[in-house]
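These notes concern the structure reproduced below.
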Amino acid sequence: MKQKLSYFALLMGALLLQACGGGGGLAGNAKDSTDPLIPLPVVDDGSDRPRPSDSALVIKSDGWQLKDVQGKVVYLRGANIEFGAKPFDRFKNITAIRDVRSNVVRLQLSKTTKKEELEGALVEISDKGMVALLTLVDSTLTCKDDTDALDGAVNKLWLDTWLSVIAQDRFQPHLMINYAHQWGPKSVFTENTVGYGDYIEAHKLAIRQFRKAGLRVPLVIDASG
């Protein structure tokens, strides 16, 4: 895998350009953004649902950087595909993105995306040696702080409808997941803002659900505000 633009730049772009209300969200002041989104350790939930092998290789975080399965720093450069709207028509865009020397596809999914459509796109992306940043975009999540909607997205879509796809070992080295695009209250900008604690705890719970399901790929979380 050869990746070429910084994860830091990708993430900052997401925070600064996509945060609700047009502001910089929690990225605006590093001192106010140090509450780590690290939940308590989890154990295998004992279920028989699909899960990656413990030996499956994944992209890993190291401070502000990501490292690929060979331990090399990951640099990402890519483009966005609104896949959920017209999956059949936009599938061909994956090749076009590769042909301009990109190495990541931000694949926007909707609640109606079928697992077969998602699997087909992931096969195409991984076969071309690129990273798939799967992003769920939905009006019930974007700039909202409904924890029931967030929980439903995590448990009914990611960890049910799509789990048999995203848990496949062959996709693990190529996978990153933004499980709820722009979820979070508009008015939260620092750790001292009312609602910040709820925002953090809701994401910690979501992270725990993914980790309990055996998914160890990077989870990308948009800033609130």
Can you give me the distance in nm between label points at ARG101 and GLU116, each placed 7 Å from the Cα along the Cα-to-Cβ direction?
3.9 nm
Any chance you could count the Lys pairs in the stretch 105-205 whose alpha carbons are under 21 Å apart, treating pairs 8 or more apart or on different chains as valid?
10
Between ASP44 and ASP127, 0.36 nm times their residue separation minus their Cα-Cα distance comes to what?
26.9 nm
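How do TYR196, TYR75 rank by accessible surface area computed with a 1.4 Å probe, from largest to smallest?
Final ranking, largest accessible area leading: TYR75, TYR196.
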Nearby aspartates and glutamates by direct alpha-carbon distance to LYS60 (threshold 15 angstrom, same-chain neighbours under 8 apart not counted):
ASP68
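Taking a 1.4 Å probe, which of LYS114, LYS212 shows the most accessible area, and what order do the others take after it?
Working: LYS114 120, LYS212 60 Å².
My answer, sorted largest first, is LYS114, LYS212.
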Over 25 Å apart: what share of the alpha carbon pairs of the stretch 86-225 falls there, rounded to a whole percent?
28 percent
Return the aspartates and glutamates within reach of LYS92: Cα separation strictly under 15 angstrom, same-chain partners fewer than 8 residues apart disregarded; answer none if there are no such residues.
GLU82, GLU117, GLU119, GLU124, ASP127
For the stretch 94-225, the charge dipole (Cβ of Lys, Arg +1; Cβ of Asp, Glu -1; about the Cα centre) points to a positive end, and the Cα of HIS203, THR112, LEU163 closest to that extreme belongs to LEU163
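The values are calculated or read from the model by the stated rules, or taken from the named source; none is laboratory data. Worth saying up front: this structure is predicted, and the values here are computed from it rather than measured. Because the Cβ atoms are built from the backbone with ideal geometry, glycine has one as well, and the counts that use them run over all protein chains shown. Note: areas computed on protein heavy atoms with side chains; ligands, DNA, RNA excluded. Shrake-Rupley method; radii C 1.70, N 1.55, O 1.52, S 1.80 Å.
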